[in-house]
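Step one of this worksheet: look at the structure below.
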Amino acid sequence: MTTPGSAAALALGDDALVLSHRLGEWAGNAPVLEEEVALANIALDLLGQARVLLSLVGDEDELAYLREERAFRNLQLVEQPNGDFAHTIARQLYFSTYQHLLYAELSAGDGPFAPLAAKAVKEVAYHRDHAEQWTLRLGDGTDVGHDRMGRACESLWRFTGEMFQPVEGLDVDRERLEGAWLDSVENVLRRATLTVPEGPRSGAWQAGAGRQGLHTEPFGRMLAEMQHLHRSHPGASW
Amino acid sequence: MTNTDWPLWEVFVRSRRGLSHTHAGSLHAPDAELALRNARDLYTRRGEGVSIWVVPSSVITASSPDEKDPFFEPAADKPYRHPTFYEIPEGVKHL
Amino acid sequence: MATAAAHHTAQTAGAQADGGQGGVRQEPLVDTAAYERAFDAAVAAEERVEPRDWMPDAYRATLVRQIAQHAHSEIIGMQPEANWITRAPSLRRKAILMAKVQDEAGHGLYLYSAAETLGTGRDELLDKLHTGRQKYSSIFNYPTLTWADVGAIGWLVDGAAITNQVPLCRCSYGPYARAMVRICKEESFHQRQGYELLLALSRGTPEQHAMAQDAVDRWWWPSLMMFGPPDDESAHSAQSMAWKIKRHSNDELRQRFVDICVPQAESLGLALPDPDLKWNEERGHHDFGAIDWAEFWDVLKGNGPCNEQRITQRRRAHDEGAWVRDAAAAYAAKHNGGTGVSRG
């Protein structure tokens, strides 16, 4: 089913679905009990968003469990493995800031995503705040934390350009979005006494990246785990 | 990590229908900002607390504690948290 | 507790509210017998004991251990279920499972807080868990081998926990009773979730039905063991009953659980793996077969399928998280003068 908005719904829905999955991997492994609750909170919000967005395109479970890697349209950023807590927080900082700015703009318009965005914007404001609070603490706490956070921010920097690539059916001012994103992220990093990374913000592969269905190697393994049980029982209900 | 690094905080929540803050419980956090956020996650997951106070346990002077029971409000958007969301066949008891 | 409130003046100056950072300290008294009589009378009259009230040392110690072990059970219990989050076969089931595991973390938090009102910090309690000096419910030493195990845990393990926990809502110690009220409300979603999951499998494909039956076959007997050894072998029960920390005997609760599960199993279309299970008209209860107590004691001692795995994962999460907790504490010290109290 291809409607004008379906490429965009898939892109945004896959972002939320994949990031939710990664955050779910922290269950039982978080650094402190209070973060178990916080990370699960974020994961559940994202899963809720994913379900609404995917349902705009087709059956949510068929889309989640029966597509191959090349059919997923999520950013490469969100599929990156959790790594240590610093990596997870850096990924959250980059993505939640983008998501908050994006949904704020979508909810202010009257496009097809306005109603969903209006509800989601409250949730992602909280995700962004959580990421910022932790960026400050990891960057400006101990030397160990500072080093880990610095490495994490550097290593994920090259995935951040993709967030501002055009998406068919997503009608937003990408330049303005990117400007606001850079301002915000740079501000938080500086307050956290971290260096703003300087490298390229996209890969050199002309064929594209996540939005074109070209993902990273860990993604295939993630999908295999995610889809295995569902695929083992074709047609079954759960 | 020691207890003093992530000290104990008491949490008070006032719901939309409530007139005053009631004691909901306690949690650990390194500072007030995280305490507030942790309290929101832990004590208002099933509803919307209108106002949350977090207070370091160490600054509370108590005569005899007057802890009230927690107050619950159902949340509209996460129905699977609530027992009524599940379809259980008629006649099955104790669920 | 009016009489014991007067005792506040005898407590060490500087004792902090509800266990805070230093814990409540009590100086030795000339006449504890009077306080003990007042305490016993209050408990017998179903009055609540609160954190700053006088209490026998043994009562305090028993409660700390019981509440802490309950808290440990919640957080260890996250593991067997979290095991299936990444493989949940539908988005709806995934959301439900993530919420359930999140609740368990939350329950652990409520319970550690209740234990802390008695003067022992969370760190000390976690240390006891990690070194085996305090235990967690032995049921979590069993593995979740299939998706259906998630349902079996919800229906049977949470069902048994609820049977145990509802009476604790009337426990004599206030903070524990109140934590239990909150937990029981959240727990009923857990049990229904498990039941509904199994129902979907039982009514599904032959493979799904077989998966559900296999899970029930493996989880039934360990669930019965959750109620503890038979009454005549249960050492500490009498004192706990007198203090109204424990409200019913092990065998009583186990029988109640069996009677509840039998009709539920019928509605599920699944068999309980006990050929001796049958209704006894005279007793008004279901008779059931002999439990293998050798397995119970062996698993409790450390020989179960997952004991080592559970503690190893728990310790690893804690150790790997140390730098995170340290970073947050250091930040707070830099920005808030170290008191955790923010400026302005």
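Listing for the model above:
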{"read-out": "Qualifying residue in the stretch C:202-224 (condition: within 14 Å of chain B (Cβ to nearest Cβ) and either crowded, with 22+ Cβ neighbours inside 10 Å or more than 26 Å from B:Thr44 (Cα to Cα) (or both))", "value": "yes"}
{"read-out": "Output for the stretch A:138-152, where each listed residue is free of Cβ contacts under 8 Å to residues at least 40 places away in the same chain, assigned to a helix (DSSP H, G or I) and facing chain C (nearest Cβ under 8 Å)", "value": "A:Val144"}
{"read-out": "Residues located in the stretch C:299-320, provided they are under 14 Å from C:Gly132 (Cα atoms), surrounded by fewer than 16 Cβ atoms within 10 Å (Cβ to Cβ), modelled with pLDDT of 95 or more and among the basic types (Lys, Arg)", "value": "C:Arg315"}
{"read-out": "Complete set of residues in the stretch C:212-235 that are farther than 19 Å from C:Gly154 by Cα and assigned to a helix (DSSP H, G or I)", "value": "C:Asp231, C:Asp232, C:Glu233"}
{"read-out": "Count of residues meeting criterion [open to solvent by 10 Å² or more (accessible area, probe 1.4 Å), under 18 Å from A:Leu19 (Cβ atoms) and in contact with a Lys or Arg (Cβ under 9 Å, 6 or more places away or on another chain)] in the stretch A:102-142", "value": "4"}
{"read-out": "Qualifying positions in the stretch C:165-186 - touching a Leu at 6+ places or on another chain (Cβ under 6 Å) and either within 10 Å of chain B (Cβ to nearest Cβ) or part of a helix (DSSP H, G or I) (or both)", "value": "C:Ala179, C:Met180"}
{"read-out": "Residues that are more than 8 Å from chain A (Cβ to nearest Cβ), crowded, with 23+ Cβ neighbours inside 10 Å and small (Gly, Ala, Ser), drawn from the stretch C:77-126", "value": "C:Gly77, C:Ser113, C:Ala114, C:Ala115, C:Gly121"}
{"read-out": "Number of positions in the stretch A:172-206 that are part of a loop (DSSP other than H, G, I, E, B) and open to solvent by less than 30 Å² (accessible area, probe 1.4 Å)", "value": "5"}
{"read-out": "Meets criteria (touching a residue at least 12 places away in the same chain (Cβ under 8 Å) and buried (at least 23 other Cβ atoms within 10 Å of the Cβ)) for C:Ala177", "value": "no"}
{"read-out": "Test: residue in the stretch B:73-80 that is more than 23 Å from A:Ala125 (Cβ to Cβ), surrounded by 14 or more Cβ atoms within 10 Å (Cβ to Cβ), more than 7 Å from chain C (Cβ to nearest Cβ) and at pLDDT below 90", "value": "no"}
{"read-out": "Residue in the stretch C:228-244 that is at pLDDT 90 or above, open to solvent by 50 Å² or more (accessible area, probe 1.4 Å), in contact with a helix residue (DSSP H, G or I) (Cβ under 9 Å, 6 or more places away or on another chain) and acidic (Asp, Glu) present", "value": "no"}
{"read-out": "Condition check for A:Gly169: open to solvent by 30 Å² or more (accessible area, probe 1.4 Å), at negative phi, in a loop (DSSP other than H, G, I, E, B) and in contact (Cβ under 8 Å) with a residue 12 or more places away in the chain", "value": "no"}
{"read-out": "Qualifying residue in the stretch A:77-84 (condition: of a type outside the set (A, V, I, L, M) and buried (at least 19 other Cβ atoms within 10 Å of the Cβ))", "value": "yes"}
{"read-out": "Qualifying positions in the stretch A:39-61 - touching a residue at least 12 places away in the same chain (Cβ under 8 Å), in a helix (DSSP H, G or I) and under 16 Å from A:Ala7 (Cβ atoms)", "value": "A:Ala50, A:Leu53, A:Leu54, A:Leu56, A:Val57"}
{"read-out": "Helices (runs of 4 or more DSSP H) (entirely within the stretch C:248-344) containing at least 3 residues that are free of Cβ contacts under 8 Å to residues at least 60 places away in the same chain, within 14 Å of chain A (Cβ to nearest Cβ) and out of contact with any His (no Cβ under 9 Å at 6 or more places or on another chain)", "value": "C:307-320, C:322-336"}
{"read-out": "Hits in the stretch B:14-40 (condition: in a strand (DSSP E or B) and surrounded by fewer than 23 Cβ atoms within 10 Å (Cβ to Cβ))", "value": "B:Arg14, B:Ser15, B:Thr22, B:His23"}
{"read-out": "Hits in the stretch A:132-165 - residues which are over 15 Å from A:Glu79 (Cα atoms) and of a type in the set (Lys, Arg)", "value": "A:Arg137, A:Arg148, A:Arg151"}
{"read-out": "Filtered residue count, the stretch C:41-60, keeping only those that are part of a helix (DSSP H, G or I), without any contact (Cβ under 8 Å) to a residue 60 or more places away in the chain and surrounded by 13 or more Cβ atoms within 10 Å (Cβ to Cβ)", "value": "2"}
{"read-out": "Of all residues making up the stretch A:101-117, the number that are part of a helix (DSSP H, G or I) and within 18 Å of the chain's Cα centre (by Cα)", "value": "8"}
{"read-out": "Condition check for A:Leu156: crowded, with 17+ Cβ neighbours inside 10 Å and touching an Asp or Glu at 6+ places or on another chain (Cβ under 9 Å)", "value": "no"}
{"read-out": "Matching residues, the stretch A:36-53, being facing another protein chain (nearest Cβ under 8 Å) and open to solvent by less than 10 Å² (accessible area, probe 1.4 Å)", "value": "A:Val37, A:Ala38, A:Ala43, A:Leu44, A:Leu47, A:Ala50"}
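The values are calculated or read from the model by the stated rules, or taken from the named source; none is laboratory data. Bear in mind the structure is a predicted one, so any value in this text is a computation, not a measurement. Note: ideal-geometry Cβ built from the backbone for every residue, glycine included; neighbour counts use all protein chains shown. Calculation scope for accessible area: heavy atoms of the full protein, side chains included, ligands and nucleic acids excluded. Shrake-Rupley method; radii C 1.70, N 1.55, O 1.52, S 1.80 Å.
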